[in-house]
Amino acid sequence: MEKSQICFGFGTLTLTLTAILALFLVPSLADDVVVLTESNFESEVSQDRGALVEFYAPWCGHCKKLAPEYEKLGSSFKKAKSVLIGKVDCDEHKGLCSKYGVSGYPTIQWFPKGSLEPKKYEGPRTAEALAEFVNTEGGTNVKLATIPSNVVILNEENFNQVVLDETKDVLVEFYAPWCGHCKSLAPTYEKVANVYKLDEGVVIANLDADKHKDLAEKYGVSGYPTLKFFPKNNKAGEDYDGGRDVDDFVKFINEKCGTSRDAKGQLTSQAGVVESLDALVKEFVAAANDERKAILSRIEEEVEKLEGSSARYGKIYTKAAKSCIEKGTDYAKNEIERLKRMLEKSISPSKADEFIIKKNILSTFVA
């Protein structure tokens, strides 16, 4: 069976090809970098804008190292209408890469406005150098975006305070600055942190294990990156052995933490819904109005038993039931429509969360 290697502080470890594929495939780029294919290349590139295109291979170590820099570049130029930042997977589109003389990875080429005759980029593979090149060639004056990080940086001073907090579920990446696989994971890990930035009970953190060796050894870390999950009820920690793309992390955290987010950070239709109240709400909806007060009392009793976020959602259930009694059968339906209109407006992410949770709960009151 084919084998490969993983970064270790003291050497290397061979892994089966299956494990390697799960760990080290290059994470997909942000939406700010345009994915180019044989079907859309000419229509995207040969337009009234210049285009910087990276030709890469998913298994290429240098491509993995470039990934976070290139993504930063894409984020910075996303509003520059005269420039396109794109990328081609040469494993998937061999003919297209061959057409443009690509023989090594990554190859970065500049396509002037309206042209399919490229100029090869020979400079440093940093976001700063690439931005300077694009500004020069494209006649733009774009500055690199400063993207705030939602990953909590751990050290010896704050590790116990953050990780061992029994009110938080904490995912920790133990990494080494020199580790290529850690650099490859970085943009994906940042996206995961962004997904849960509004969830106070969830912390996405990392620790420089090369700098803080004692902490790494304490938790049995010998290879990088190592991910460990420290739930509220188990501060000894448990290994995270799942996949390394955003969807994998989101699925894991939702299951472990009781959150309900998708890979873009949006709340799902299940957010705020409390299963233990389902039967009572169905009974409430089916009952005649004069019978609903008795069922409301039972809902209130059940809500009193809830803890954590479920207790907070339970209060919304109680308020919704009272409003249905006071304002009539159509209250829930009308309120849902109002919330939908509010969600279409420009509102803060936290306010959007509030409205989505209320809408989801109200949906259980619609027959």
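The values are calculated or read from the model by the stated rules, or taken from the named source; none is laboratory data. Since the model is a prediction, treat every value here as computed from it, not as a measurement. All Cβ positions, glycine included, derive from the backbone under ideal geometry; neighbour counts span all protein chains shown. Just the protein is used for accessible areas: all its heavy atoms, side chains included, with ligands, DNA and RNA removed. Shrake-Rupley method; radii C 1.70, N 1.55, O 1.52, S 1.80 Å.
Key figures for this structure:
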{"read-out": "Note, ³J(HN,Hα) from phi for the stretch 285-299, Karplus 6.51, -1.76, 1.60, rounded to Hz, x at Gly and Pro", "value": "5, 7, 7, 6, 4, 6, 9, 6, 4, 5, 6, 4, 4, 5, 4"}
{"read-out": "Separation of alpha-carbon centers, the stretch 253-281 and the stretch 118-146, rounded to whole Å", "value": "43"}
{"read-out": "FRET efficiency, 1/(1 + (r/R0)^6) with R0 56 Å, evaluated for N289 and K211 via beta carbons", "value": "0.30"}
{"read-out": "Theoretical gain in end-to-end length, K305 to N40 [0.36 nm per residue, Cα-Cα removed]", "value": "89.8 nm"}
{"read-out": "With DNA, RNA and ligands ignored, accessible area of Y100 (1.4 Å probe; Å², nearest 10)", "value": "30"}
{"read-out": "Computed [θ] at 222 nm, deg cm²/dmol, the chain (DSSP H ≥ 4; -39,500 (n - 2.57); rounded to nearest 500)", "value": "-13000 deg cm²/dmol"}
{"read-out": "Trypsin sites (Lys or Arg not before Pro) restricted to the stretch 199-236 and DSSP loop, no more than 12 other C-beta within 10 Å", "value": "K211"}
{"read-out": "Residue-count net charge about E326 - beta-carbon cut-off 13 Å; Lys, Arg +1, Asp, Glu -1", "value": "+3"}
{"read-out": "The chain: antiparallel DSSP beta bridges as a percent of all, rounded to 5", "value": "50"}
{"read-out": "K143 paired with A129, simple spin-label distance in nm, labels 7 Å along Cα-to-beta-carbon", "value": "2.3"}
{"read-out": "Environment charge at C179 (Cβ cut-off 15 Å; Lys +1, Arg +1, Asp -1, Glu -1)", "value": "+3"}
{"read-out": "Subset of K282/K358; K65/K264; K327/K359; K65/K143; K64/K87 violating a 20 Å alpha-carbon distance limit", "value": "K65/K264; K65/K143"}
{"read-out": "Solvent-accessible heavy-atom area per residue, rounded to whole Å², over the chain at 1.4 Å", "value": "53"}
{"read-out": "Rel. contact order, % - alpha carbon contacts under 8 angstrom, at least six apart, the stretch 21-164", "value": "29"}
{"read-out": "Cα shape, the stretch 293-367, gyration tensor, a/c 1.5 rule", "value": "oblate"}
{"read-out": "Paramagnetic reach from E238 in the stretch 206-228 [backbone N under 17 Å; point 7 Å along Cα→Cβ]", "value": "227-228"}
{"read-out": "Proximal charge balance of V151 [Cβ under 13 Å; K/R count +1, D/E count -1]", "value": "-1"}
{"read-out": "Overall form of the stretch 60-149 per C-alpha gyration tensor (a/c, 1.5; a/b vs b/c)", "value": "oblate"}
{"read-out": "Cα-based reach from K183 at 16 Å (exclusive), listing aspartates and glutamates while leaving out same-chain residues under 8 positions away", "value": "E69, E71, E173, D208, D210, D245"}
{"read-out": "Using alpha-carbon coordinates, inclination of helix 246-257 to the longest axis of the chain, degrees", "value": "30"}
{"read-out": "In nm, spacing of pseudo-spin labels at I347 and K264 (7 Å Cα→C-beta vector)", "value": "1.7"}
{"read-out": "The stretch 324-367, accessible surface, carbon-and-sulfur percent (1.4 angstrom probe)", "value": "48"}
{"read-out": "Solvent-accessible ranking of I347, I336, largest area first, probe 1.4 Å", "value": "I347, I336"}
